[in-house]
Every structure is written in C-alpha cells, then in structure tokens.
Amino acid sequence: MTLRHFLDFWSIEASELRTILDEAKRMKAARAGWPKGRVDESAPLAGHALAMIFEKSSTRTRFSFDMGMRQLGGETIVASSGDMQLGRGETVEDTARVLSRFVDIVMIRANSHGDVEAFAEAATIPVINGLTDQSHPCQIMADLQTLEEHGLDLKGARLAWVGDGNNVCTSFIQAAPKFGFSLAIGTPGRYAPDEDAVEMARDLQGRIDLYDSAEEAVAGADVVIADTFVSMGDADAEDRLKTLDPFAVTEDLMSLAAKEAVFLHCLPAHRGEEVDAEVIDGPQSLVFDEAENRLHAQKAILRWCLNA
Ligand code: CP
Ligand code: NVA
C-alpha cells in the first residue's frame, strides 16, 4: 500500500481531508470534559510509536502531537535535530531509513521543505510535515476545524489573509480549492505569497484574490487571519517590521470585515506588531480554540496516516 504522508494538501484528496476534519471533531466531542491525560475509549494507536524531530522551536506542535499520541494510546519520542546526528551532517535520507526501523510514524519540523520531502521519500513509514519554510498544513486543519465549530460553512466562506505571504499563507492557498473557500490576500509586493501555489490553486478552481492593501483584502471577509511578520529563519526582521506595519490587524481593520467576522492567528503572536491586543484578546478572536484544535486535528491526521 502507498504510504500516507501528510506533507502538503496538493497530494491529498479533498474527500480524505474532509474525513480527517470530521474525525477530529468527532474525537474531540467524544472526550469532552475528560482529564487530558486519559486515553481515548478505543486507544486506536495502542502499540504505535511517533518520533518527532524539531529543527526549529515549537510549543503548540510539540505538546499537541505528544499529548495527541498519548490520548490515542501510543508512545512518543521527541528530539531536536541538534541532539541528533542529523545536526552533525548525517543525511536526512539515512536518518529516515534508521527511524523507520524504530518507530511507526515521524513528524518533522524542518528549515527546508525539500528536506522533509527527501525524508519522506527515503522513509518506509508515514511522515507528517510539522512546518517548513514553505508550508504548515497541520495548522490549517486545526484552523478549519475551529471555523466549522464556530458555525461557518467553509464552502463559499470568505477568508482574508493579511501581512506576510508566508508558509502558513501557502497552506491556506493550497486548502482553498480543497475546501471551497475563497481567500483574499493582502501583502506588500515584496512579501507576496508563493506564485506557484497561487497558480496551482487557481488551476484547481480555487478563488485566490491578491491585493497590495490590507483594507481591500479584508473588506466583507468572514474570517481575518494574521501571522507573525518575522517567521523562524527570516533574516530581514527590520525591513519586515517596517514594510509590514500597515498590514497589522487593528480594530479599525476588523471593522471593514463582515459584522460577525472572526479572527485567527496560529500563534505565537506579537501584540502591537501584526495584531493589536484589542483584536487578539477581544470577542472576535478564536485563537485559543484554534490552538486547542491542533491537538484534535493532529490526532485525526495521525490516525489517517496509519489507517487506524
Ligand atoms: N502554531 C504553531 O505551529 O506553534 P508552535 O511553533 O508553537 O508549534
Ligand atoms: N510563520 C511562522 C509560523 C509559526 C508557527 C513561522 O514559520 O515562524
């Protein structure tokens, strides 16, 4: 059977993604009110082990995958690449071949997307992308779960991304044709989103509208999404903070969106930079439900990858 990697939305059918999202919601509801360390009723991943490799920092991805695997009845091993021979130049391919002999599934957060693809190519077990310079698909599954739980029908929903056209933005672009929402993106030209991703999404009948102002992107939107102006690995922090400043999400900007619009941010956030405290800590913000849903969405991703 072909391995079920979770690397990017392009390679996964819309129907499979829908199954994952529904399963995430079902599993979350089934354990509502339980202590967080209690194993799910059926312990579907009992006997399975997940290895996690981090080349970059992480709070949400690390703890949600770890707790998620435990709730599914499985085991976890976490390492930063600096503690591994990977950090001393062992190839990603050899690392993948070796870990494939020890564990059942790997989640990797890497600097280079190409490294994750090479890892998956050499592995004989499923591999999950836990963020790269190019994408962050696990995050978007949690975000979409959050929106549906809030009552939004993704089909035809108007999402607006403002700020840097970064890795998280690229995963939203990829998700648009798969889930049927439209995406308006407001960025300065220098930080526009990945052109190939935009073209590919449009080829798949996704509606992606590009603007060079935050106001145009947000006008009438059901959802306003921001992310840090300086991602992990970005060297040009000073220029980014200056150039992206007009794209900050303020209460004034939110007032241009639909009346019931909600605000998302994958976190970590920088209040006073990409978003004002009044917005992220205000009534339209869903950011902590969004963070919690990393746990539930990833449990569904783990089960899908392992067909369990
Ligand atoms: N949103 C997210 O991936 O957070 P971490 O970097 O803390 O994992
Ligand atoms: N765009 C951010 C997301 C962090 C979760 C980064 O890559 O640093």
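Results, tabulated for the structure shown:
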quantity: 3J(HN,Hα) from dihedral phi, the stretch 295-308, Karplus parametrisation 6.51/-1.76/1.60, rounded to Hz, x for glycine, proline; calculated: 4, 6, 5, 5, 4, 5, 5, 4, 5, 5, 4, 9, 6, 10
quantity: Those lysines that a straight Cα-Cα span of less than 27 Å connects to LYS178, excepting residues fewer than 8 apart in one chain; calculated: LYS25, LYS28, LYS155, LYS259, LYS299
quantity: Kirkwood-based shape ratio for the stretch 126-279, expressed as Rg/Rh from alpha carbons; calculated: 0.93
quantity: Calculated from backbone phi, Karplus (6.51, -1.76, 1.60) coupling profile of the stretch 208-224 in Hz, x at Gly/Pro; calculated: 10, 10, 9, 9, 10, 9, 5, 4, 5, 5, 7, 3, x, 5, 7, 9, 10
quantity: Distant-in-sequence amide H partners of ILE77 (H built 1.01 Å from N, under 5 Å); calculated: LEU50, ALA51, MET52
quantity: 4 °C / 1.567 mPa s Stokes-Einstein diffusion coefficient of the stretch 60-185, Kirkwood radius on C-alpha pairs, µm²/s; calculated: 80
quantity: Tensor-based shape of the stretch 260-308 (alpha-carbon gyration tensor, a/c under 1.5 rounded, otherwise prolate or oblate); calculated: prolate
quantity: Span from the the stretch 229-252 Cα centroid across to the the stretch 52-89 one, whole angstrom; calculated: 28
quantity: For the chain, fraction of C-alpha pairs farther apart than 37 Å, in %; calculated: 13
quantity: Helix axis angle, 60-71 relative to the chain longest principal axis, alpha carbon, degrees; calculated: 40
quantity: Mean Cα-pair separation over length for the stretch 136-202, i.e. relative contact order, pairs under 8 Å, 6 or more apart, %; calculated: 35
quantity: Amide hydrogen neighbours beyond the local backbone of LEU210, cut-off 5 Å, H modeled; calculated: ILE185
quantity: The stretch 178-277, relative contact order [Cα under 8 Å, separation at least 6], %; calculated: 30
quantity: The stretch 1-90: trypsin sites (Lys or Arg not before Pro) falling in loop per DSSP and having at most 13 other Cβ within 10 Å; calculated: LYS36, ARG38
quantity: Sulfur and carbon atoms: percent of accessible area, the stretch 87-176 [1.4 Å]; calculated: 44
quantity: Residue-normalised accessible area of the chain, expressed per residue, 1.4 Å probe, Å²; calculated: 43
quantity: Principal axis dimensions, the stretch 208-281 - Cα atoms, whole angstrom, descending; calculated: 37, 27, 19
quantity: Amide H contacts of HIS5 (H built 1.01 Å from N, under 5 Å, at least 5 apart or other chain); calculated: VAL127
quantity: Around ARG62: net Lys/Arg minus Asp/Glu count, Cβ-Cβ under 12 Å; calculated: +3
quantity: Relative contact order for the chain, counting Cα pairs under 8 Å that sit 6 or more residues apart, in percent; calculated: 20
quantity: Loop trypsin sites (Lys or Arg not before Pro), the stretch 223-271 (other Cβ atoms within 10 Å of the site Cβ: 14 or fewer; DSSP); calculated: LYS259
quantity: Along the chain, longest interval not containing exposed GluC sites (Glu not before Pro), exposed being DSSP loop plus at most 13 other Cβ atoms within 10 Å; calculated: 91-259
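The values are calculated or read from the model by the stated rules, or taken from the named source; none is laboratory data. This one's a predicted model, so the numbers in the text were calculated from it and none came from an experiment. Note that we place each Cβ from the backbone using ideal geometry, even for glycine, and neighbour counts take in every protein chain shown. For accessibility, only protein heavy atoms count, side chains too; no ligands or nucleic acids. Shrake-Rupley method; radii C 1.70, N 1.55, O 1.52, S 1.80 Å.
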